[in-house]
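Scroll down for the structure; my scribbles are underneath it.
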Amino acid sequence: MFDAPAAGTVDLAIAQGVATVTFNRPQARNAMTWAMYQALNRHCEQFKADPQLRAVVFRGAGGQAFVAGTDIEQFTRFSSGDDGVAYEEQIEACIDLLGSLPMPTVALIEGWAVGGGLAIATVCDFRLATPGSQLGVPIAKTLGNCLSAANVARLCAGFGAQRVKRMLMLAEMIGADEALACGYLHQLAGPDEIEAATAALVQRLTALAPVTQRVSKQTLSRLVQHSVPEAEDLIRLAYGSQDFHEGVSAFVAKRKPLWKGR
């Protein structure tokens with residue numbers, strides 16, 4: 001639906017049955033363009049068709065961020081709530097595809113994992129992070145938009161509902177120590193150690209029964225998704241609001257938004 005800026009790539013390397021996907025736009029903290037989401041979709045379709053692939057690792061380039069959300073300037077093209085519904089459907093399809101991968105998936109988080117980036121990390125089976133990492137969806141402070149119900153459900157399953165309220169309603173970021181304590185993160189490792197820690201986890205995963213892993217992760221996914229309500233009306237309300245357009249304009253202009261509640 002939306003034109004895709006050329007900036008940013010989603011790079012792929014495969015070695016010994018393990019794929020590594022790198023979100024490569026470090027100058028923008030790996031914020032995702034439409035083209036990057038489309039490339040992620042293509043990679044995931046490739047993974048689903050490859051019976052030799054045993055695990056997938058997702059990471060950001062540059063060491064400062066996993067993915068810092070979606071590129072905000074792209075939202076300047078939105079004119080109505082219907083654009084927001086189409087966007088959330090597009091993002092949800094991408095996250096669903098990633099979540100449906102039959103093999104274990106691991107997010108290697110260095111620094112910021114925000115918005116759509118946090119959704120990508122959350123749908124992975126395991127997450128490792130550096131101690132200084134920050135996780136959140138501060139849209140109540142930045143854009144004034146919302147998440148899909150399915151992505152809110154995934155966040156609640158990973159963090160607990162009260163932490164998600166802090167993320168969405170107070171625009172708080174969750175630090176790595178708290179994320180580890182609540183079980184969202186599998187492990188913390190220093191910047192010089194996180195690649196080795198991720199490789200050790202992948203080695204453990206690839207030594208175990210693939211069918212058991214596949215059916216177990218799909219059972220857990222179904223449990224999270226089974227009661228997700230329809231929320232298109234809420235998405236249309238948020239993206240169609242004056243506040244959303246004010247949030248986008250303020251972000252692009254690097255000024256503080258003036259919320260009016262309509």
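The numbers here are math on the coordinates, done by the rules we state, and not lab data. As the structure is a computational prediction, the values presented were derived from the model and not from experiment. Reconstructed Cβ throughout: ideal geometry from the backbone, glycine too, with neighbour counts over all protein chains shown.
For the stretch 9-191, with the dipole built from +1 on Lys and Arg beta-carbon atoms and -1 on Asp and Glu ones, taken about the Cα centre, which of 79, 159, 130 lies farthest toward the positive end?
130
Antiparallel as a % of all DSSP beta bridges within the chain, to the nearest 5?
Values: 9 of 32 bridges.
In the chain, DSSP labels about 30 percent of beta bridges as antiparallel.
Taking the Cα centre of the stretch 124-233 as origin, sum charge times position over the Cβ atoms of Lys and Arg (+1) and Asp and Glu (-1), and report the length of that vector in debye to the nearest 20.
With Lys and Arg at +1 and Asp and Glu at -1, about 280 debye.
Enter the angle in degrees (range 0 to 90, nearest 10) between the Cα long axis of helix 149-159 and the first principal axis of the Cα atoms of the chain, meaning the one along which they spread out most.
Value to nearest ten degrees: 60.
Using modelled amide H (1.01 Å from N, peptide plane; none on Pro or chain starts), what sits under 5 Å from the amide H of residue 58, excluding residues fewer than 5 places away?
Correct list: 21, 106, 107, 108.
How do 53-60, 173-180 rank on mean C-beta neighbours within 10 Å, highest first? All intermediate terms of the calculation are to be shown ahead of the outcome.
Details: 53-60: 23.5, 173-180: 18.0.
So the order, starting with the most tightly packed, is 53-60, 173-180.
I'm checking a number: the convex hull volume of the Cα atoms of the chain, normalised per residue, in Å³. What is it?
121 Å³
Going by the alpha-carbon gyration tensor, a ≥ b ≥ c the square roots of its eigenvalues, is the stretch 68-109 rounded (a/c under 1.5) or, if a/c is not under 1.5, prolate (a/b greater than b/c) versus oblate?
Oblate, since a/c reaches 1.5 and b/c is not below a/b.
With θ taken as phi - 60° and the coefficients 6.51, -1.76 and 1.60, list the Karplus ³J(HN,Hα) couplings across the stretch 31-37 in order, rounded to whole Hz; mark glycine and proline as x.
Whole-Hz 3J(HN,Hα) from phi for the stretch 31-37: 4, 7, 8, 4, 4, 5, 4.
Just to be sure I understand: of the beta bridges DSSP finds with both ends in the stretch 1-66, what percent are antiparallel, rounded to 5?
Values: 7 of 13 bridges.
Among the beta bridges of the stretch 1-66, antiparallel pairing accounts for roughly 55 percent.
Roughly what angle does helix 242-253 make with the longest principal axis of the chain, taking Cα atoms, 0 to 90 degrees, to the nearest 10?
So the inclination is approximately 70 degrees.
Can you compute the FRET efficiency between residue 215 and residue 182 using 1/(1 + (r/R0)^6), with r the Cβ-Cβ distance and R0 = 22 Å? Round to the nearest 0.05.
My answer for the efficiency is 0.25.
So for the pair residue 228, residue 90, with labels modelled 7 Å out along Cα→Cβ, what separation do we get in nm?
Placing both labels 7 Å along Cα→Cβ, they lie 1.8 nm apart.
Which Cα, out of 28, 183, 249, lies furthest along the positive dipole direction of the chain (beta carbon charges, K/R +1, D/E -1)?
Going by the Cα projections, it comes out as 183.
If you fit an axis through the alpha-carbon atoms of helix 194-206 and take the longest principal axis of the Cα set of the chain, what angle between them do you get, 0 to 90°, nearest 10?
Around 60 degrees separate the two axes.
Straight-line reach from residue 217: which lysines fall under 28 Å, measuring Cα to Cα and dropping same-chain residues less than 8 apart?
48, 165
Using R₀ = 51 Å, calculate the FRET efficiency as 1/(1 + (r/R₀)^6) where r is the Cβ-Cβ separation of residue 45 and residue 80; round to 0.05.
The formula returns an efficiency of 0.95 here.
Could you order peptides 216-228, 13-25, 107-119, 196-208 by the average number of other Cβ atoms within 10 Å of their residues, highest first?
By packing density, highest mean first, the sequence is 107-119, 13-25, 196-208, 216-228.
Give me the percent of DSSP beta bridges within the stretch 1-133 that run antiparallel, rounded to the nearest 5.
30 percent
Note down the magnitude of the dipole of the chain about its Cα centre, charges +1 on Lys and Arg C-beta and -1 on Asp and Glu C-beta and zero elsewhere, to the nearest 20 debye. Before the final figure, lay out the partial values.
Values: 23 positive and 25 negative charges, 76 e Å.
Using Cβ point charges on Lys, Arg, Asp and Glu, the chain gives about 360 debye.
Output ³J(HN,Hα) for the stretch 66-71: one whole-Hz value per residue in order, computed from phi by the Karplus curve 6.51 cos²θ - 1.76 cosθ + 1.60 with θ = phi - 60°, and x for Gly and Pro.
6, 8, 8, x, 8, 4
When the helix-only estimate is applied to the chain (DSSP H runs of n ≥ 4, each -39,500 (n - 2.57), divided by the residue count), what is the mean residue ellipticity at 222 nm, nearest 500 deg cm²/dmol?
-14000 deg cm²/dmol
Extension gain residue 249-residue 166, at 0.36 nm per residue separation less the Cα-Cα distance, in nm? Don't skip to the answer; put the middle values down first.
Working: separation 83, 0.36 × 83 = 29.88 nm, distance 2.45 nm.
Roughly 27.4 nm would be gained on extension.
Relative to the Cα centre, what is the charge dipole magnitude of the stretch 36-80, using +1 at the beta carbon of each Lys and Arg, -1 at the beta carbon of each Asp and Glu, and rounding to the nearest 20 debye?
140 debye
Taking amide hydrogens as modeled 1.01 Å from N in the peptide plane, which residues meet the under 5 Å criterion relative to residue 33, leaving out close sequence neighbours?
71
Rounded if a/c is under 1.5, else prolate if a/b beats b/c, else oblate: with a ≥ b ≥ c from the C-alpha gyration tensor eigenvalues square-rooted, which is the stretch 39-138? The partial results should precede the final answer.
Working: a/c = 2.34, a/b = 1.20, b/c = 1.94.
In terms of gyration-tensor shape, oblate.
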